[in-house]
Each structure stands twice: as structure tokens, then as C-alpha cells.
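Before any comments, here is the structure.
The values are calculated or read from the model by the stated rules, or taken from the named source; none is laboratory data. Here the structure is a predicted model, which is why all the values come from computation and not from measurement. As a convention, Cβ positions derive from the backbone with ideal geometry for all residues, glycine included, and neighbour counts pool all protein chains shown.
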């Protein structure tokens with residue numbers, strides 16, 4: 001659990017220290033801007049921006065029932081963050097599996113990526129797609145016409 005929060009907490013603490021140092025040194029504007037920037041980067045690297053994660057087994061079961069994609073991700077992954085942001089509100093239509101919390105999810109990703117935990121790995125209709133284009137994923141998340 002601590003591993004998923006390490007980077008965001010480190011960024012928040014570093015930003016606080018740098019910001020406080022600048023404020024104390026007579027540059028309050030720069031200090032506040034840097035603090036806000038560090039906190040923004042910390043929030044982007046936190047698991048809070050992702051829809052609630054479920055286990056890999058539950059995600060497979062749900063995906064078989066509703067046909068929605070499964071997105072395997074991990075906190076701090078810049079490619080996962082980029083995919084999440086580009087999906088926007090549609091991101092909630094996918095089933096998200098945090099591979100750092102779910103060993104079965106990590107094993108599923110390793111099985112299709114030559115033993116590597118390369119994320120995001122998106123499963124659509126049981127077929128894996130490693131680091132797919134966000135527009136392609138968005139099309140698979142569109143509600144049926």
C-alpha cells in the first residue's frame with residue numbers, strides 16, 4: 001500500500017520544502033507557484049485520479065458480461081496517467097486493475113508482455129493491447145449505438 005503513495009508523498013514533501021524555502025527567502029510568489037506545481041504533479045501520480053480498481057478476476061468476469069475493456073495500470077506510470085487523462089469521463093466505463101495491488105493482474109500483464117509489467121495493458125474481448133492509442137481505447141468505451 002505504501003508503494004503506491006511513495007512518489008506522490010515525496011513530491012508533496014519536496015514541494016513543501018522548496019516552497020517554504022523560497023517564501024522564507026523573500027520570494028513568496030515563486031514559492032507558492034512551485035508548491036502548487038509540485039502538488040499538481042503529486043496528484044497526477046496518485047491513485048486518486050483513476051477510477052476505483054478491482055481485482056483481475058472480477059474485472060475479467062465483468063468484462064465478459066458487459067464487453068467493456070480491462071485496463072491494467074500502476075500508480076506513477078506516465079503512460080497510464082496520459083491514457084487516463086485522454087479518456088476523460090469515459091475512463092469510468094473501463095474496468096481498472098492496479099497491478100501493484102493485485103498479483104493476478106500483474107501476472108496477466110507479465111504473461112502477455114514477455115515477463116515485463118508493461119502498462120497500460122488493455123484487454124479488449126480477451127485480446128491484449130500494450131500501451132494502445134487513447135483514441136482507439138476511447139472508441140471501445142463508447143456506449144453502444
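See the values below:
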quantity	calculated
All positions within the stretch 18-45 that are exposed (fewer than 13 other Cβ atoms within 10 Å of the Cβ) and either in the same structural domain as residue 80 (by TED's automatic domain parsing) or within 27 Å of the chain's Cα centre (by Cα) (or both)	36, 40
Scan of the stretch 70-90 for residues that are touching a residue at least 40 places away in the same chain (Cβ under 8 Å) and either surrounded by 20 or more Cβ atoms within 10 Å (Cβ to Cβ) or over 22 Å from residue 139 (Cα atoms) (or both), ordered by number	70, 71, 72, 73, 74, 75, 76, 77, 80, 83
In the stretch 55-67, residue surrounded by the most Cβ atoms within 10 Å (Cβ to Cβ) [restricted to those that are over 23 Å from residue 116 (Cβ atoms) and out of contact with any strand residue (DSSP E or B) (no Cβ under 6 Å at 6 or more places or on another chain)]	58
From the options 130, 121, residue that is in contact with a strand residue (DSSP E or B) (Cβ under 8 Å, 6 or more places away or on another chain) and more than 19 Å from residue 51 (Cα to Cα)	130
Close pairs (7 angstrom Cβ cut-off, 6 or more residues apart or separate chains): over 23 Å from residue 86 (Cβ atoms) in the stretch 40-65, part of a helix (DSSP H, G or I) anywhere	55/104; 56/104; 56/105; 56/108; 57/104
Test result for residue 57, at pLDDT 90 or above, touching a helix residue (DSSP H, G or I) at 6+ places or on another chain (Cβ under 9 Å) and within 28 Å of residue 126 (Cα to Cα)	yes
